[in-house]
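Structure first, then comments.
The values are calculated or read from the model by the stated rules, or taken from the named source; none is laboratory data. Every value quoted in this text rests on a predicted model; they were computed, and no experiment measured them. All Cβ positions, glycine included, derive from the backbone under ideal geometry; neighbour counts span all protein chains shown. Heads up: the accessible areas ignore ligands, DNA and RNA and are worked out on the full protein's heavy atoms, side chains in. Shrake-Rupley method; radii C 1.70, N 1.55, O 1.52, S 1.80 Å.
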Amino acid sequence: MNIYKLSNGISVVSEHIPSTRSVSFGIWVKAGSRNETSVTNGITHLIEHMLFKGTSKYSANEIANIFDGLGGNINAFTSKENTCYYFVVLDQHLPKALEVLADMFFHSLFDAEELEKEKNVVYEEIAMYDDTPDDHVHDLIASAAFSEHSLAYPILGDIERLQSFQSNDLHNYMKTHYSLSNIVISIAGNISDDLPQLLEQHFAFYQNQGEVTRLTTPTFQGGVMFRQKQTEQHHLCLALPGIPLGDQKTYSMSVLNNIIGGGMSSRLFQEIREKRGLAYSVYSYHGAYSDSGMFVIYAGTVPKQSSLLLDVTMDVLSQIASNGVREDELARTKEQLKGNFILSSESSSSRMHRMGRNELMLGKHLSMDEVLKKLENVTLDDITELSAHLFSQPFAIAMVGNDDQALQSFRRDQLVLSR
């Protein structure tokens, strides 16, 4: 891995993988929906869309044709705390792909007519999301957990706010947040020795200093959110306060999450789906942010089983809170996580994403051996200590469904009281 800065201060992290014929390239920006206000919610994601709508040099159609003609793909995503614009191409096509993406990043027109058309595209995206309750409930759980804090804002925004945005609003947001210190370039694959010169050519002219963004740390609220919708299933999420990015408990959190609901052998999957047939989809995950985190459990079930599903979920968590986890579970989970990590590292795209995110959000990187060692060093005592932290506050809970009877009878503080 090679880490350096361009002459203007943009950070670059690269890894040469000579065994591949591809190159994965990403421009990472420390700007996401968390950086928005109640007035600007949705603007980060809209900018992501608009960077594909044409520059003074290339039209949107030409951009699409170029990448199709190169046999590669180009895409982007917006998250709570960052945005990434990336492509994957054959190594021989890196110079052209890099030139086009840089032009999109720095010289997009934000044409007023194209902006209105793209707003309609995002409106359809929002409508599609609202029609997908197993997705929508995850926005609701963020609201239940973080209330009015910007971490609770939906990444897509809402139609009313989006309607008000004009081209100058997008330019002003980028001027503030797309600063030199907020940008990281990440490249992995069969890169050549002339990469630094290519990057200087296309990026070194940029001089935007932006403005200092001061984020406020959220307080976990443990609230309740319900969205009534005629559905065949009730879609439920439970959330507890997690841990922030880079925390020393990160690897313990990965292990505990995997044991609770991270795979087919997890306790929730085995108890809820395999033994009782209460749900087709049940899982858990941990979302880590720069100063906080959220541990979430999701399940979908027919309305008449909602209360039973919550009861069984609480039984599973109570067993862990009271008795911890078993040695065999710990050993199996470590091997599963180590295997997943090693296998993902064989992809240039996965390496680019991991390096970019780590450099942008943490400013540090661990080698594969260091990661594997940290996973191996997780102990039963570590899991017990982390469980005590997770179960120290009442749950936040969210549901999309026909009625909220299951929520009315659910005791969000029952794990706290039982400890």
Suppose accessible area is computed on protein heavy atoms with a 1.4 Å probe; arrange S181, S392, S252 from highest to lowest. S181, S392, S252
Please label the shape of segment 175-259 as rounded, prolate or oblate, based on the square roots a ≥ b ≥ c of the eigenvalues of the alpha-carbon gyration tensor (a/c under 1.5 means rounded; beyond that, a/b larger than b/c means prolate, else oblate). prolate
In segment 221-265, which trypsin sites (Lys or Arg not before Pro) are in a loop and have at most 16 other Cβ atoms within 10 Å, using DSSP for the loop call? K229
Given the C-alpha centroids of segment 78-132 and segment 196-213, what is the distance between them in whole angstrom? 19 Å
Starting from the Cα of K5, draw a straight line to each of the lysines and keep only those under 23 Å, dropping any in the same chain fewer than 8 residues away. K30, K96, K175, K364
Placing +1 at every Lys and Arg Cβ and -1 at every Asp and Glu Cβ, with all other atoms neutral, what dipole size does segment 150-266 have around its Cα centre, in debye to the nearest 20? 480 debye
Below 30 Å, Cα to Cα, which lysines can K229 reach? Residues fewer than 8 away in the same chain don't count. K80, K117, K119, K275, K304
Using DSSP to define loop residues, name the GluC sites (Glu not before Pro) in segment 321-419 whose beta-carbon has at most 14 other beta-carbon atoms within 10 Å. E346
Taking Lys and Arg as +1 and Asp and Glu as -1, residues besides S186 with C-beta under 15 Å from its C-beta add up to +4
Could you tell me which of G261, H234, G287 has its Cα farthest along the dipole of segment 222-290 towards the positive end, charges placed at Cβ (Lys, Arg +1; Asp, Glu -1), taken about the Cα centre? H234
Placing +1 on each Lys and Arg Cβ and -1 on each Asp and Glu Cβ in the chain, then taking the dipole about the Cα centre, the residue among N8, V137, M368 whose Cα reaches farthest towards the positive end is M368
From phi via Karplus (6.51, -1.76, 1.60), per-residue ³J(HN,Hα) for segment 92-101 in Hz, x at Gly/Pro: 5, 9, 4, x, 5, 4, 5, 4, 5, 5
Please report the relative contact order for the chain, taking Cα pairs under 8 Å with a sequence separation of at least 6, and give it as a percent rounded to a whole number. 22 percent
In whole Å, what is the distance between the alpha-carbon centres of segment 1-57 and segment 214-293? 28 Å
Taking the dipole about the Cα centre of the chain, with the C-beta of Lys and Arg at +1 and of Asp and Glu at -1, give me whichever of S318, A188, I155 is farthest to the positive side. S318
Classified through the alpha carbon gyration tensor (a ≥ b ≥ c as square roots of its eigenvalues; rounded if a/c is under 1.5, else prolate when a/b is larger than b/c, else oblate), segment 295-419 comes out prolate
At a 1.4 Å probe radius, carbon and sulfur cover how many percent of the accessible area of the chain? 48 percent
Rounded, prolate or oblate: which one fits segment 1-71, using the alpha carbon gyration tensor with axes a ≥ b ≥ c (rounded when a/c is under 1.5, else prolate when a/b beats b/c, else oblate)? oblate
Sort 255-264, 165-174, 138-147 for me by packing, meaning the mean count of neighbouring Cβ atoms within 10 Å per residue, highest on top. 138-147, 255-264, 165-174
Given +1 on the Cβ of Lys and Arg, -1 on the Cβ of Asp and Glu, and no further charges, what dipole in debye does segment 88-227 carry about its Cα centre, rounded to the nearest 20? 520 debye
In deg cm²/dmol, rounded to the nearest 500, the helical mean residue ellipticity at 222 nm of the chain, built from -39500 (n - 2.57) for every DSSP H run of length 4 or more, is -13500 deg cm²/dmol
Which order do S56, S284, S344 take by accessible area at a 1.4 Å probe, largest first? S56, S344, S284
Taking a quarter of the surface of the convex hull around the Cα atoms of segment 121-242, what do you get in nm²? 12.0 nm²
Once you charge only the Cβ atoms, +1 for Lys and Arg and -1 for Asp and Glu, what is the size of the charge dipole of the chain about its Cα centre, to the nearest 20 debye? 820 debye
In percent, what relative contact order does segment 1-67 have, based on Cα pairs under 8 Å that are 6 or more apart in sequence? 14 percent
